[in-house]
Amino acid sequence: MAIASINPANGETVKTYREMTPQEAAAAVDEAHETWKSWRATSFAERARLMKKTSAILRGRKNELAKLMATEMGKPVKQGVAEAEKCALACDYYADNAEAILAPQAIATEATRSYVAFEPLGVVLAVMPWNFPLWQVYRFAAPALMAGNVGVLKHASNVPGAALAIESMFLEAGFPKGAFRTLLIGSAGVQGVIEHRHVRAVTLTGSTPAGRSVASQAGQVLKKSVLELGGSDPYVVLEDADLELAAQTCVNSRLINAGQSCIAAKRFVVVAPVLGEFTDRFVALMRAKKVGDPFDDATEVGPLARHDLRAGLHKQVLASIERGARVLLGAQLPPGPGAFYPPTVLAGVKPGNPAFDEELFGPVAALIEAKDEADAVRLANATTFGLGAAVFTRDLQRGERVARLFESGAAFVNSLVASDPRLPFGGIKESGYGRELGSFGIKEFVNVKSVYVKALPPAPAFGTE
Ligand code: NAP
């Protein structure tokens, strides 16, 4: 795939970029490694000062950054502004908390003094997706830099403008040049970077096939990997749910970022007694959402990020219909040059249907009928993914009990599954392994070092004859 910004709202190529040669990418890693030698010795206070500057720059440039995202991948500007603000929050969170989280932990042993220290690893490679072009990167970079690591970024090929903007904002904040480098390379260039002797670990956020490939490459050279992959999050609606809250939350979660979010709700598992009423509310809310120009403030759903992604999604929808799903809304490709896809509702979806088994990365909802609570939990877990899940009920004890039964990295009750700098984020099963964010995220790329110090026995006294 060429490295280029192509406006998905009209198909126009905005800018193309020359791909770095493998030698140029390797030189950038060498430079990052050189920088790390001094960066690792900086104090938390100094790192925090630069990270706070970064968050101020993000807040100051949020409108410009939102326009860049709207142009490169179609995110409505309002949502882009919120994304830039969230990145600033993550920078502040780690600036304020990294030192305490990474403080050495004393452990009582027979030693005079023994403790666990958390030390940086060095150069960490981040392979990132286009769907949250800023957020995905900052949630890696803020903890990595605060822990004393340095980062090299291989961003998705359709958001090079965002990748370069992030690099320039770190430089403007005062980080040394090699602390964060953007590598303009395609996915075929990733293996060479993983194998570079100075790269110590890799984190990938993206699809399950990309995760498999990168993890096996890292495994070959015995480097640690963290994978944040796809999801097919179930939202379970029980008979005692507040149906208006449930319908609204479900629709918002399905349509955020035009449905292109790993933790968007994708399967709606509703118990039989309330399925009819929930469906009516859900379809009405999906129909009311305004699809259109991402630069228009009234737009709630922009185009998909690329035309090939739209073609792939439509193929999954047609296959789901062929396998028995009923169309309640949408499912028709609109005319025009943009990569728009209409909010779509498929009913009667069952295991074995692509809308149940696969990740649908766009504004397509799968409605699934469950007999009762136990059946709903069974259907929620009948997936190869395990990222997030939610349950709607007025009975909080019941909600917590069901939440604990979900096979997922996060479980929310009466609320939209969302990432938060303070809470760990990640999945199980084919949604990946490892965690980002919170205190767990910053500890993924550190050397957990046991330090054991034993005092010498008192020296024997030598008397004079
Ligand atoms: P993708 O095709 O897997 O791409 C993600 C990144 O990986 C891009 O930088 C891509 O580079 C690179 N890549 C792709 N194949 C590769 C390979 N074989 N070797 C090395 N690098 C490779 O995913 P996407 O379509 O951009 O993003 C959507 C997917 O990401 C969805 O499945 C979504 O659920 C998942 N996602 C997960 C999370 C999470 O936190 N769990 C968050 C957001 C998105 P190119 O662009 O150059 O191909």
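In the condition set (1) surrounded by fewer than 24 Cβ atoms within 10 Å (Cβ to Cβ); (2) within 23 Å of residue 423 (Cα to Cα), residue 139 is compliant with all but (1).
So that you can scan it fast, the table gives a plain yes or no per residue for (1) in contact (Cβ under 8 Å) with a residue 60 or more places away in the chain; (2) more than 16 Å from the ligand (Cβ to nearest atom); (3) farther than 30 Å from residue 314 by Cβ:
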site: 346; (1), (2), (3): no, yes, no
site: 372; (1), (2), (3): yes, yes, yes
site: 383; (1), (2), (3): yes, no, no
site: 397; (1), (2), (3): no, yes, yes
site: 416; (1), (2), (3): yes, no, no
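Any residue in segment 250-273 that is of a type outside the set (Ser, Thr, Tyr), at positive phi and away from the ligand (no atom under 16 Å from the Cβ)? Among the residues of segment 250-273, not one is of a type outside the set (Ser, Thr, Tyr), at positive phi and away from the ligand (no atom under 16 Å from the Cβ), which makes the answer no.
Here are 61, 49: which of them is at pLDDT 95 or above and within 30 Å of residue 301 (Cα to Cα)? None of the other options fit; the residue is 61. Which of (1) in contact with an Asp or Glu (Cβ under 8 Å, 6 or more places away or on another chain); (2) more than 13 Å from the ligand (Cβ to nearest atom) is the odd one out, the single condition residue 246 does not satisfy? Every listed condition holds for residue 246 apart from (1). The condition of being outside the structural domain of residue 258 (by TED's automatic domain parsing), among the aromatic types (Phe, Trp, Tyr), away from the ligand (no atom under 15 Å from the Cβ) and within 18 Å of residue 224 (Cβ to Cβ) holds for only one of 118, 170, that being 118. Tell me, please, whether a residue that is within 18 Å of residue 434 (Cα to Cα), touching a helix residue (DSSP H, G or I) at 6+ places or on another chain (Cβ under 7 Å), within 10 Å of the ligand (Cβ to nearest atom) and not assigned by TED's automatic domain parsing to the domain that holds residue 342 can be found in segment 173-187. No, because not a single residue in segment 173-187 is within 18 Å of residue 434 (Cα to Cα), touching a helix residue (DSSP H, G or I) at 6+ places or on another chain (Cβ under 7 Å), within 10 Å of the ligand (Cβ to nearest atom) and not assigned by TED's automatic domain parsing to the domain that holds residue 342.
Restricting attention to segment 198-217 and to residues that are assigned to a helix (DSSP H, G or I) and either over 20 Å from the mean Cα position of the chain (by Cα) or at positive phi (or both), the residue that is nearest to the ligand (Cβ to nearest atom) turns out to be 217.
Applying the set (1) of a type in the set (A, V, I, L, M, F, W, C); (2) buried (at least 20 other Cβ atoms within 10 Å of the Cβ); (3) without any contact (Cβ under 8 Å) to a residue 24 or more places away in the chain to residue 68 leaves exactly one unmet item: (3).
In segment 221-235, the residue that is farthest from the ligand (Cβ to nearest atom) out of those that are of a type in the set (A, V, I, L, M, F, W, C) and crowded, with 18+ Cβ neighbours inside 10 Å is 226. Go through the residues of segment 208-220 one by one and say whether even a single one is surrounded by fewer than 20 Cβ atoms within 10 Å (Cβ to Cβ) and of a type in the set (Lys, Arg). Yes, because at least one residue in segment 208-220 is surrounded by fewer than 20 Cβ atoms within 10 Å (Cβ to Cβ) and of a type in the set (Lys, Arg).
Here is a check on your reading of the model: is residue 195 in the same structural domain as residue 15 (by TED's automatic domain parsing), within 14 Å of the ligand (Cβ to nearest atom) and in contact with a helix residue (DSSP H, G or I) (Cβ under 9 Å, 6 or more places away or on another chain)?
Answer is yes for this residue.
Does segment 273-309 hold any residues that are assigned to a helix (DSSP H, G or I) and among the basic types (Lys, Arg), and which are they? Walk me through it before giving the result.
Kept after step one, since they are assigned to a helix (DSSP H, G or I), are these residues of segment 273-309: 273-288, 307-309.
Those that are assigned to a helix (DSSP H, G or I) and among the basic types (Lys, Arg): 281, 287.
Being free of Cβ contacts under 8 Å to residues at least 40 places away in the same chain and under 17 Å from residue 445 (Cβ atoms) narrows it down to one of 221, 193, 226, so name that one.
Going through 221, 193, 226 in turn, the sole match is 221.
Looking at 302, 348, 259, just one residue is farther than 18 Å from residue 233 by Cα, among the small types (Gly, Ala, Ser) and out of contact with any Asp or Glu (no Cβ under 7 Å at 6 or more places or on another chain), and that residue is 302. Residues that are under 22 Å from the mean Cα position of the chain (by Cα) number at least 3 in the following helices (runs of 4 or more DSSP H) confined to segment 19-95: 44-60, 62-73. So is residue 119 touching a residue at least 24 places away in the same chain (Cβ under 8 Å), surrounded by fewer than 22 Cβ atoms within 10 Å (Cβ to Cβ) and within 17 Å of the chain's Cα centre (by Cα) or not? Criteria not met by residue 119.
Against the condition farther than 18 Å from residue 356 by Cα and small (Gly, Ala, Ser), how does residue 264 come out, does it pass? For residue 264, the condition - farther than 18 Å from residue 356 by Cα and small (Gly, Ala, Ser) - is not met. For the residues 400, 369, 373, 358, the requirement of being within 30 Å of residue 299 (Cβ to Cβ) and among the charged types (D, E, K, R) singles out 358.
Within segment 222-265, work out how many residues are assigned by TED's automatic domain parsing to the domain that holds residue 373, among the charged types (D, E, K, R) and in contact with a helix residue (DSSP H, G or I) (Cβ under 7 Å, 6 or more places away or on another chain). Residues that pass the stated criteria total 2.
The values are calculated or read from the model by the stated rules, or taken from the named source; none is laboratory data. All values derive from a computational prediction rather than experimental measurement. Quick reminder, even Gly has a Cβ in these numbers, built from the backbone with ideal geometry, and neighbours come from all protein chains shown.
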